[in-house]
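The values are calculated or read from the model by the stated rules, or taken from the named source; none is laboratory data. Quick caveat: nothing in here was measured; it's all calculated off a predicted structure. Methodologically, a virtual Cβ is constructed for each residue, glycine included, from the backbone with ideal geometry; neighbour enumeration extends over all protein chains shown.
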Amino acid sequence: MDYILPCSELDIPVEIVPGPIDGEEDAVENLSASEILNSIFVSYGYDVDLSLSEAQSQQLIDFVRQAEDNENLVAFAAWVVQKISEFSGLDVPDFLTARTDYNEPPNIDPNNNAGGNYDTNTYQEIVDLQSPWENIPSVILSQDFIGWRAEDVAVHGLSCMDFSKEQLAKLGYTISNYYDTDGFGLPQTFQTYQNGVANAFELKKAISYIKYALSNGIPVIVGVDYKSGTSNASTDNTTDHFIVIVGMGNENGVNYLRYFDNAFSDTFRGAHSSNKLFYNPVTGVMQNKIKSDPSYTTGNFGIVTVQYDYIMTMVRKSKLKL
């Protein structure tokens, strides 16, 4: 059974018993994390079968302490406990964030894509990245958005790359391996940003390719950097996450790429019209703060904790799926 977060079956009780802000007013210092979490649930009228570890309990305690108005947070925490008990392999972080770090082994695609079948079509290269870009609407319909499935992440080890590739497969495409070159020796990856340095030459080639691809109805997977450090030490040592470019254009004089973010489980956020990377001619990067849900936690409850920048790091050429 696939389970999608935040799910459409969020069956959270609507009757919440008033109580202390976080249920800890009567707690004593020597209480365990599980006992403190249970007191929180009791104060809001929840009878929860708490079978979490101390570490998991502490994660949920920290979660419900985020805001003064904790009713929705406690309701969500109770629901998390229920789902963890129902689905073997799920953990608290699977519910509190919709992203896992992705580490791509050198020279190996995680789904073992067959080599070859590269797109060797020629296309016109953009001369000036600051000239207005052609408006190309999304090549993938919103109803075809592939959402994050927490159970598949926990049980099968799927990552953002897997969901991005599943999104491409909707139109019959897949991604080229990071180190691949075609029959002419041309790399299938454009490294547009690495270790804090923008590559204007690679970006121009990347945008030229993306324009060609989108003009022909082909979505494109790109990598993004959003935090210090990286989980991709074996490739570019920069990329943290992958998204799917589905459109492009010019908005109020600024060129942009529109993307689907498959780390969200719901279409509203994952395929939101404001999911755009904008070209910054000063820094030479494609970048944008996440607009649809800057918290990247549980958008259903309007929690805003951390705001990330996405900086496009690499562009991987698409090819027909064999």
* Asked: Only one of (1) exposed (fewer than 14 other Cβ atoms within 10 Å of the Cβ); (2) modelled with pLDDT of 80 or more; (3) under 25 Å from the mean Cα position of the chain (by Cα) fails for Ser51. Which number is that?
  -> (3)
* Structure fact -> Residues of region 197-253 being crowded, with 22+ Cβ neighbours inside 10 Å and among the small types (Gly, Ala, Ser), in sequence order, are Ala206, Ala213, Gly223
* What about Ser138, is it in a loop (DSSP other than H, G, I, E, B) and touching a Lys or Arg at 6+ places or on another chain (Cβ under 8 Å)? -> yes
* Quick one: in region 288-318, which of the residues that are more than 30 Å from Ala78 (Cα to Cα) and surrounded by fewer than 18 Cβ atoms within 10 Å (Cβ to Cβ) is modelled with the lowest pLDDT? -> Lys289
* Structure fact -> For region 28-55 the number of residues that are touching a residue at least 24 places away in the same chain (Cβ under 8 Å), more than 13 Å from Gln82 (Cα to Cα) and assigned to a helix (DSSP H, G or I) is 5
* How many residues are surrounded by fewer than 17 Cβ atoms within 10 Å (Cβ to Cβ), in a loop (DSSP other than H, G, I, E, B) and either under 24 Å from the mean Cα position of the chain (by Cα) or modelled with pLDDT of 80 or more (or both) when one looks only at region 68-90? -> 3
* Check on Phe63, among the hydrophobic types (A, V, I, L, M, F, W, C), at pLDDT below 85 and not in a loop (DSSP other than H, G, I, E, B) -> yes
* Asked: If we keep just the residues of region 242-283 that are of a type in the set (D, E, K, R) and touching an Asp or Glu at 6+ places or on another chain (Cβ under 8 Å), which is farthest from Ala206 (Cα to Cα)?
  -> Arg269
* Can you run down the residue pairs with Cβ atoms below 9 Å, 6 or more apart or on separate chains, where the first is in region 260-280 and assigned by TED's automatic domain parsing to the domain that holds Glu166 and the partner is among the basic types (Lys, Arg) and part of a loop (DSSP other than H, G, I, E, B)? => Ala263/Arg99; His272/Lys291; Ser274/Lys291; Asn275/Lys291; Lys276/Lys291
